[in-house]
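Each remark here refers to the structure printed beneath this line.
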Amino acid sequence: MSELKYEILERIAILSENKKGWTKELNRVSWNDYPAKYDLRDWQHEEGKIGKGITLTDDEINNLKEVLNAIL
């Protein structure tokens, strides 16, 4: 299995942090040299650990914004 390669191109927001130091973040991330997408997941930067998360295209993040605006 090949190594997972990523580059955080833009740190947008830290949404929360737990007692163990993991942060839930919204970032723009390029995975395996593909174009960057919005990325929402847990990170433990000090130990180089990455939690499960989701990536969203520009269209998907705009759709999510519309949904959140409608319900808030």
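If a residue must be aliphatic (A, V, I, L, M), farther than 17 Å from L9 by Cα and surrounded by 13 or more Cβ atoms within 10 Å (Cβ to Cβ), how many such residues does segment 25-72 contain?
Going through segment 25-72, the residues aliphatic (A, V, I, L, M) turn out to be 26, 29, 36, 40, 50, 54, 56, 61, 64, 67-68, 70-72.
Add one more test, that the residue is farther than 17 Å from L9 by Cα, and what stays is 64, 67-68, 70-72.
Still in the list and also surrounded by 13 or more Cβ atoms within 10 Å (Cβ to Cβ): 64.
The number of residues fulfilling the criteria is 1.
From the list K20, K37, exactly one residue is basic (K, R) and within 15 Å of the chain's Cα centre (by Cα). Which is it?
Going through K20, K37 in turn, just one is basic (K, R) and within 15 Å of the chain's Cα centre (by Cα): K37.
Readers should treat all values here as calculations from the given coordinates under stated rules, not as data from a laboratory. Source: prediction; values computed, not measured. With ideal geometry, Cβ positions are generated from the backbone for all residues, glycine too; neighbour counts draw on all protein chains shown.
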